[in-house]
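Heads up: the structure comes next, in structure tokens.
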Amino acid sequence: MTLSSYRGYLYALIAFGTWGFLPVYWKQLQALPMLEILAHRMIWSAVTMVIALALLKDLSWLPALRTSPRTLLLVSAAALLTAANWITYLWAVDTGNVARISLGYFINPLFSVLLARLFLGERLRRGQQFAVAIAVAGVIYLTISLGQLPWIALSLAGTFSFYGLIRKKVDLSGMQFFCLEMTLLLVPALLLLFYIAQP
């Protein structure tokens with residue numbers, strides 16, 4: 001195994017480990033209004049990304065957006081999906097539905113496989129089909145165990161999967177895409193904070 005492979009596994013471990021501990025972090029902010037947390041998350045994400053890209057001198061792609069309404073439309077759709085995903089996630093943490101969040105991110109790869117097959121024409125090898133079948137069986141078992149339709153899990157998985165599909169359709173780097181996405185959400189987030197601050 002190459003050094004880059006080990007590095008990839010390490011990055012994945014850090015990313016998923018951090019993601020796994022996020023509910024604990026959000027739980028500590030339970031005293032704050034959920035919409036205020038959402039707005040701050042959008043605002044400071046936008047600020048952070050603009051600063052990061054400025055420091056990296058990676059802003060030359062911005063002027064081209066004026067002649068690419070398709071890109072703006074797709075990223076706007078992705079931004080709405082992100083907002084829906086984040087508010088569902090925060091609401092689930094706030095109401096003690098962390099297990100349903102976990103189920104959502106277990107379902108997410110299955111949704112992604114389905115969308116890749118339907119919209120990108122990708123096919124699974126036999127071993128991959130077997131792995132997906134096992135995952136589907138696990139999801140069905142967990143859903144039956146819950147005793148009700150896991151709408152939180154389905155919402156999280158659906159929004160994240162369609163977000164990933166849109167991401168594949170836009171010719172921007174990950175940082176550029178996220179920066180544009182958060183910038184598009186900046187004004188709504190500021191308006192939301194202004195609304196919350198009203199007596």
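When the Cα atoms of the range 1-75 are aligned to their principal axes, the ranges along those axes come out at 47, 43, 25 Å in descending order.
Label sites at Arg167 and Phe106, each approximated as a point 7 angstrom past Cα along Cα to Cβ, lie 2.2 nm apart.
Here the 3J(HN,Hα) profile of the range 89-94, calculated from phi with Karplus coefficients 6.51, -1.76 and 1.60 at θ = phi - 60°, is 4, 5, 5, 5, 5, 4 Hz, Gly and Pro shown as x. Going by neighbour counts of Cβ atoms within 10 Å, the residues Arg117, Arg70 line up, fewest first, as Arg70, Arg117.
Using only Cα atoms, figure out Rg for the range 122-199 and give it as a multiple of 2.2 N^0.38 Å.
Details: Rg = 18.9 Å, N = 78, 2.2 N^0.38 = 11.5 Å.
Its radius of gyration relative to the 2.2 N^0.38 Å reference: 1.64.
Over the chain, the hull volume per residue, using the convex hull of the C-alpha atoms, is 165 Å³.
At a threshold of 8 angstrom on Cα-Cα distance, excluding pairs fewer than six apart, so keeping six or more, what relative contact order does the chain reach in percent?
Numbers: 142 pairs, mean separation 77.0, N = 199.
That works out to 39 percent.
Charged neighbours of Pro23, selected by a Cβ distance under 12 Å, balance to +1 (K, R count +1; D, E count -1).
Sorted ascending by nearby beta carbons within 10 Å, beginning with the fewest, Ser45, Ser173 become Ser173, Ser45. Here the Karplus relation 6.51 cos²θ - 1.76 cosθ + 1.60, evaluated at θ = phi - 60°, turns the backbone of the range 184-194 into coupling constants of 5, 8, 5, 5, x, 5, 5, 5, 5, 4, 4 Hz, with x for every Gly and Pro.
The numbers here are math on the coordinates, done by the rules we state, and not lab data. Quick caveat: nothing in here was measured; it's all calculated off a predicted structure. Counting neighbours? That spans all protein chains shown, and the Cβs are built from the backbone with ideal geometry, glycine included.
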